[in-house]
Amino acid sequence: MDKPRVLVTRAIFPQVIANLAQHFEVTSNQADELWSPPQLIEQLQGKQGVFTTGSERIDAALLAACPELRICANMAVGYNNFDLEAMTAAGVLGTNAPDVLTETTADFAFALLLATARRISESEHFLRAGQWSRWSYDLFAGAEVHGSTLGILGMGRIGQAIARRGAHGFGMKVIYHNRSPLDEATQQRCAARYVSLQGLLREADHLVLVLPYSGASHHIIGAAELAQMKPTATLVNIARGGIVDDAALAAALQNRIIAAAGLDVFEGEPKVHPDLLRVPNVVLTPHIGSATLATRQAMAQLAVDNLVGFLVHGKPVTPLNEVRAVPDK
Ligand code: 8YV
């Protein structure tokens with residue numbers, strides 16, 4: 001029997017291609033060309049599976065043009081690039097890559113929080129520019145992290161891992177808002193208290209955004225929400241661009257409505273709102289929250305395991321929707 005055919009949309013660890021090649025006829029993109037939607041459709045012709053990153057949009061138009069496609073395996077925990085409803089309707093499975101990146105991403109949230117609160121990027125730019133001539137009592141004086149109030153919007157696995165670091169590592173008071181409160185045992189493990197969104201905005205010294213992007217979370221932090229935060233507060237977004245209204249945030253940073261922000265994700269990335277590039281009190285990183293080699297390897301391997309699990313054994317590891325297993329289709 002012919003091997004199923006799988007497309008890998010972006011450059012990836014050579015070992016991943018080798019692992020896939022044991023089970024599939026693989027078309028890879030090790031040249032890392034950026035394909036337009038029509039180019040992606042063209043590449044997908046005759047393929048049963050696709051290894052995607054968070055950047056490729058899988059929607060009804062693509063699915064209609066790729067009738068042989070059975071599974072899209074995302075090398076990302078977030079899957080807002082998938083129209084899951086359209087995928088289910090088309091009988092196409094979606095899988096994501098949860099758990100393997102939780103602790104690494106929570107580490108990064110703290111790195112960004114600390115860099116933002118303690119003004120690390122801003123002060124390094126100052127030093128590199130040769131502007132450091134003497135010590136002074138308030139030189140890059142920032143906000144306290146230990147003992148402060150950590151607010152978390154979105155209390156899934158990564159939010160909880162951030163809460164544990166804040167409460168047990170930095171002695172922070174942790175408050176959170178989520179669609180629904182956590183069960184009592186989980187809440188205790190995180191030493192976290194559920195509050196309303198308004199309470200979160202008003203009480204947090206450092207607010208970290210870790211919620212999935214959807215129509216409901218689009219611009220959930222805009223000018224009105226920023227105005228409710230403390231003028232000394234910092235905002236950290238490691239979730240998705242579009243959750244924050246970047247233009248409103250740049251204005252709030254410029255006008256010192258809040259003290260500082262740390263952003264790993266942007267609306268329309270890799271483009272960054274030009275006003276954010278102009279304000280000094282923001283730390284900007286290029287979507288590297290999960291970027292350690294070990295974690296990226298684990299995420300990629302989970303996508304491989306999902307492709308093999310589904311297309312070869314009829315049983316994916318981390319499915320997002322329910323579709324009939326391949327042999328029955
Ligand atoms: C990925 C992420 O690096 O997992 C996610 O949801 O945002 C990142 O860890 C990115 O989506 C590329 O796949």
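At-a-glance table
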read-out	value
Residues of the stretch 81-102 classified as within 24 Å of residue 153 (Cβ to Cβ) and either buried (at least 17 other Cβ atoms within 10 Å of the Cβ) or modelled with pLDDT under 95 (or both), total	8
Conditions (1) closer than 18 Å to residue 5 by Cα; (2) touching a helix residue (DSSP H, G or I) at 6+ places or on another chain (Cβ under 9 Å); (3) away from the ligand (no atom under 15 Å from the Cβ): number failed by residue 47	(2)
Which numbered condition residue 263 fails, given (1) open to solvent by 70 Å² or more (accessible area, probe 1.4 Å); (2) within 14 Å of the ligand (Cβ to nearest atom)	(1)
The listed residue being within 16 Å of the ligand (Cβ to nearest atom), in a loop (DSSP other than H, G, I, E, B), open to solvent by less than 20 Å² (accessible area, probe 1.4 Å) and not hydroxyl-bearing (Ser, Thr, Tyr), out of 303, 291, 239	239
Positions within the stretch 9-31 being among the small types (Gly, Ala, Ser) and either touching a strand residue (DSSP E or B) at 6+ places or on another chain (Cβ under 8 Å) or assigned to a loop (DSSP other than H, G, I, E, B) (or both), in sequence order	11, 28, 31
Search result, residues across the stretch 57-75 that are crowded, with 20+ Cβ neighbours inside 10 Å and within 16 Å of the ligand (Cβ to nearest atom)	58, 72, 73, 74, 75
Checking residue 286 against (1) outside any loop (DSSP other than H, G, I, E, B); (2) within 14 Å of the ligand (Cβ to nearest atom), the condition it does not meet	(1)
Residue, most open to solvent (accessible area, probe 1.4 Å), within the stretch 32-56, restricted to residues that are among the hydroxyl-bearing types (Ser, Thr, Tyr) and part of a loop (DSSP other than H, G, I, E, B)	55
Residue within the stretch 155-168 that is open to solvent by 60 Å² or more (accessible area, probe 1.4 Å), closer than 25 Å to residue 269 by Cβ and free of Cβ contacts under 8 Å to residues at least 24 places away in the same chain present	no
Positions within the stretch 214-236 being over 14 Å from the mean Cα position of the chain (by Cα) and in a loop (DSSP other than H, G, I, E, B), in sequence order	218, 219, 220, 222, 229, 230, 231, 232, 233
Filter result (assigned to a helix (DSSP H, G or I) and in contact with a helix residue (DSSP H, G or I) (Cβ under 6 Å, 6 or more places away or on another chain)) within the stretch 250-281	250, 252, 275, 276
Criterion: in contact with a helix residue (DSSP H, G or I) (Cβ under 9 Å, 6 or more places away or on another chain), open to solvent by 40 Å² or more (accessible area, probe 1.4 Å) and not assigned by TED's automatic domain parsing to the domain that holds residue 96 - qualifying residue of 189, 118, 128, 134	189
Residue 182 vs. criteria crowded, with 19+ Cβ neighbours inside 10 Å and part of a helix (DSSP H, G or I)	no
Residue count for the stretch 76-116, restricted to those that are within 13 Å of the ligand (Cβ to nearest atom), part of a loop (DSSP other than H, G, I, E, B) and closer than 16 Å to residue 303 by Cβ	11
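The values are calculated or read from the model by the stated rules, or taken from the named source; none is laboratory data. These figures come from a predicted structure and were not determined experimentally. Note that we place each Cβ from the backbone using ideal geometry, even for glycine, and neighbour counts take in every protein chain shown. Remember, those area values only see protein heavy atoms, side chains included, never the ligands or the DNA or RNA. Shrake-Rupley method; radii C 1.70, N 1.55, O 1.52, S 1.80 Å.
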